[in-house]
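What follows is a short report on a single structure.
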Amino acid sequence: MITYWLLLIGLTLGGYFICRLKQGRLIYCIAAGIALFTVSAVRAHVGYDYNLYGTVFMNNMTRSMEDIIAEERMEKGFAIPMKLLSDVTSDYQVMFVIIAFIITLAVMLYIYFYSEKPYLSVFFFLTFGLFFNSMDFMRQMIAASVILYALQFVKKKQFIRFLALVLFASVFHISALIMIPFYFILRFKMDWLTLGIYSGITVIYFIFSWDILGFVTKYVYKGYDPTKSAEVINGTNPIYALFFALFFMLAFLLRRELTEKDSFNNILLNCMFFMVFFEICGIRHAIVSRFAVLFFIPPVVILMPRVFDVLMKKCSLAFGGDKTRTNILKTVSVVVVMGLCSFIYTYMITNNYNGISPYRTIFEEEVDRNGGAD
């Protein structure tokens, strides 16, 4: 737990001061990237899928490339490079190092180029659980890291380029194909009517969820038995969906100021809704919540800092020229936002969100294998 908290405190407070320096954005993004990469790369048995991926890697050493290509469950964009890597080294930790590097590089470059306040982007990236997701849903997070850059083509109305990136993302995780119709959906104006329609769709899902799950487990998450798999039968903890929904509503209520600042924020707001939508759907069937991963990163690292900025400006205007009351309101707002995020971050850690607790490193594993340090 201390590792995760040192990461959050260090990157938030350190970023606040570093980003004020000349070239501070670049320095901070490099430093934050190194910190996030290191924590992810040297982990051992952290994330529910860690041991699964390690086992697959070791099995690949004795399998032929023909067997890898013939296998249906794992996408070829991930399976083939993993097979090639297993032919070079027997240390599966190298695979986790490479995955950590790819995801961290993609996210931090995106933050550097598009975020006005990188330290807030990293703060929300951590507290919304995205970093934890990257240590568990690894293939899907690689796909999501590609989708990040496809959203710019929604804004520019360049469908072919958007489609090309989505198809590329799908070679790492087939679920990325769900993004194709969202090229059009994400451009809908987010207002009360749209929200009402989307809410109605959510109700329909809960009525026909088992029929929908039959399609999902047949074509997307193959290998999951809809009648036996715990991830299909059981749902996720509703507190996560409630937390995400709370911040979506804050962003929704500030949508006019956000879209006046940048029309792209409407696309991000739509992304944030579908992030919440799939998390809510996951309350019924946990596996459906994984679709949220594809929508998560842009609204969390770009929209949330902008929501925070607009909130501070609204606080500045609330009491006219009364600086004392304005400062009190700003302080309360910061404490509430940061407090809620810190609470859910702590809740995730203490409740072993996606298998990320306790945090262990490969160095601790080495000490254990040797019977302890002298």
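The values are calculated or read from the model by the stated rules, or taken from the named source; none is laboratory data. All values derive from a computational prediction rather than experimental measurement. Glycine gets a Cβ as well: all are built from the backbone with ideal geometry, and neighbour counts include every protein chain shown. Side chains included, ligands, DNA and RNA excluded: accessible areas come from the protein's heavy atoms. Shrake-Rupley method; radii C 1.70, N 1.55, O 1.52, S 1.80 Å.
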(Q) Please go through the stretch 14-73 and give me each residue that is open to solvent by less than 50 Å² (accessible area, probe 1.4 Å), out of contact with any Leu (no Cβ under 9 Å at 6 or more places or on another chain), within 26 Å of residue 91 (Cα to Cα) and part of a helix (DSSP H, G or I), ordered by number. (A) 40, 41, 50, 53, 54, 56, 68
Q. Residues of the stretch 181-193 being farther than 23 Å from residue 147 by Cα and either surrounded by 16 or more Cβ atoms within 10 Å (Cβ to Cβ) or of a type in the set (Phe, Trp, Tyr) (or both), which ones?
A. 192
Q) With respect to residue 165, is the statement that it is open to solvent by less than 40 Å² (accessible area, probe 1.4 Å) and part of a helix (DSSP H, G or I) true? A) no
Q: Inspect all residues belonging to the stretch 361-368 and state whether any of them is in a helix (DSSP H, G or I) and touching a helix residue (DSSP H, G or I) at 6+ places or on another chain (Cβ under 8 Å).
A: yes
Q.
Any residue that is more than 11 Å from residue 301 (Cα to Cα), open to solvent by 20 Å² or more (accessible area, probe 1.4 Å), touching a residue at least 60 places away in the same chain (Cβ under 8 Å) and assigned to a helix (DSSP H, G or I) - is there at least one of those in the stretch 81-103?
A. yes
(Q) So, in the stretch 304-333, exactly how many residues are open to solvent by less than 50 Å² (accessible area, probe 1.4 Å) and under 24 Å from residue 243 (Cα atoms)? (A) 11
Q: State all residues of the stretch 216-230 that are out of contact with any Pro (no Cβ under 9 Å at 6 or more places or on another chain) and either in a loop (DSSP other than H, G, I, E, B) or modelled with pLDDT of 65 or more (or both); if no residue qualifies, say none.
A: 220, 221, 222, 223, 224, 225, 226, 227, 228, 229
Q) If you check every pair at least six apart or on different chains, which have Cβ atoms under 8 Å apart with a residue in the stretch 4-19 that is within 15 Å of residue 344 (Cβ to Cβ) first and a residue that is open to solvent by less than 60 Å² (accessible area, probe 1.4 Å) and of a type in the set (D, E, K, R) second? A) none
Q. Quick one: in the stretch 268-287, which of the residues that are of a type in the set (A, V, I, L, M, F, W, C) and open to solvent by 10 Å² or more (accessible area, probe 1.4 Å) is farthest from residue 254 (Cα to Cα)?
A. 286
Q.
Quick check on residue 183: is it aromatic (Phe, Trp, Tyr), out of contact with any Pro (no Cβ under 6 Å at 6 or more places or on another chain), touching a residue at least 40 places away in the same chain (Cβ under 8 Å) and in a helix (DSSP H, G or I)?
A. no
(Q) Can you find a residue that is modelled with pLDDT under 95, open to solvent by less than 40 Å² (accessible area, probe 1.4 Å) and more than 30 Å from residue 155 (Cα to Cα) anywhere in the stretch 237-246? (A) no
Q: Please work out which one of (1) farther than 21 Å from residue 44 by Cα; (2) out of contact with any Phe, Trp or Tyr (no Cβ under 6 Å at 6 or more places or on another chain); (3) assigned to a helix (DSSP H, G or I) is the condition residue 119 fails and give its number.
A: (2)
